[in-house]
1. Return the only residue of Leu3, Leu57, Leu69 being modelled with pLDDT of 80 or more and either in a loop (DSSP other than H, G, I, E, B) or aliphatic (A, V, I, L, M) (or both).
2. Looking at region 119-138, which of the residues that are surrounded by fewer than 12 Cβ atoms within 10 Å (Cβ to Cβ) and not in a loop (DSSP other than H, G, I, E, B) is modelled with the highest pLDDT?
3. Which residue, of Leu110, Leu169, is at pLDDT 85 or above and surrounded by fewer than 18 Cβ atoms within 10 Å (Cβ to Cβ)?
4. Can you spot a residue in region 72-84 that is surrounded by fewer than 16 Cβ atoms within 10 Å (Cβ to Cβ), more than 23 Å from Val21 (Cα to Cα), modelled with pLDDT under 85 and of a type in the set (A, V, I, L, M, F, W, C)?
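The values are calculated or read from the model by the stated rules, or taken from the named source; none is laboratory data. Computed from a prediction, not measured in an experiment: that's the story for all the values here. FYI the Cβ positions are ideal-geometry reconstructions off the backbone, even for glycines, and counts take in every protein chain you see.
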Amino acid sequence: MKLNSIFKGLIDLAFYLMVPVVVFFPGTILYILMFPQQSIVKVNIPYTEQGFGSGALLFTICFFVLFLLFFAGFFQLRKFAGQLFKKKLFSSEVIKSTKKIGQFFTACGLGSLIFVGINALLTNEVKVSITFGTSNLSLLLFLLIVGVLFLLLSDAFARALKLKEENDLTV
């Protein structure tokens with residue numbers, strides 16, 4: 001019981017901490033485009049050696065789209081946590097939420113891995129290194145694994161709901 005409320009609270013906190021990024025990121029990029037010599041916002045974006053050109057804009061848009069995929073997955077995770085809190089585990093809403101979570105996180109993880117690979121090729125920073133601890137590649141693989149896990153959970157919940165409905169029909 002208490003674990004469900006802690007889980008829901010943590011998911012809500014993380015979700016609300018992401019909302020300002022979704023709201024203010026496009027405006028910040030627009031501000032940088034309009035005032036390239038500004039010194040208020042410091043950015044660490046590749047391809048900005050000759051100013052904020054088309055390469056930097058494309059990089060930024062791709063990054064934002066991937067973040068929106070992650071945000072949409074997290075929104076679905078928040079809905080899933082609400083269903084868990086209400087103890088509606090075997091329902092069609094839970095199945096839809098877990099499927100969407102899996103789709104968004106898998107797309108975000110796979111898209112991020114492709115994005116990182118293409119970016120490494122374009123910047124000629126193709127190096128293979130072994131790190132101890134957490135690397136960006138490990139986090140992206142973990143996100144991909146979590147996405148696939150939620151797709152599996154969605155399938156399991158769908159089967160459980162079907163069995164529950166069949167069981168309810170038998171007398």
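1. On the way: Leu3 fails: modelled with pLDDT of 80 or more; Leu57 fails: modelled with pLDDT of 80 or more.
Just a single option satisfies the conditions, and that option is Leu69.
2. Applying the first criterion (surrounded by fewer than 12 Cβ atoms within 10 Å (Cβ to Cβ)) to region 119-138 yields 121, 124-134, 136, 138.
After this cut, where a residue has to be not in a loop (DSSP other than H, G, I, E, B) as well, the list is 121, 136, 138.
Values: Leu121: 79, Asn136: 65, Ser138: 68.
Restricting to residues being surrounded by fewer than 12 Cβ atoms within 10 Å (Cβ to Cβ) and not in a loop (DSSP other than H, G, I, E, B), the top hit is Leu121.
3. When all the criteria are applied, what remains is Leu110.
4. no
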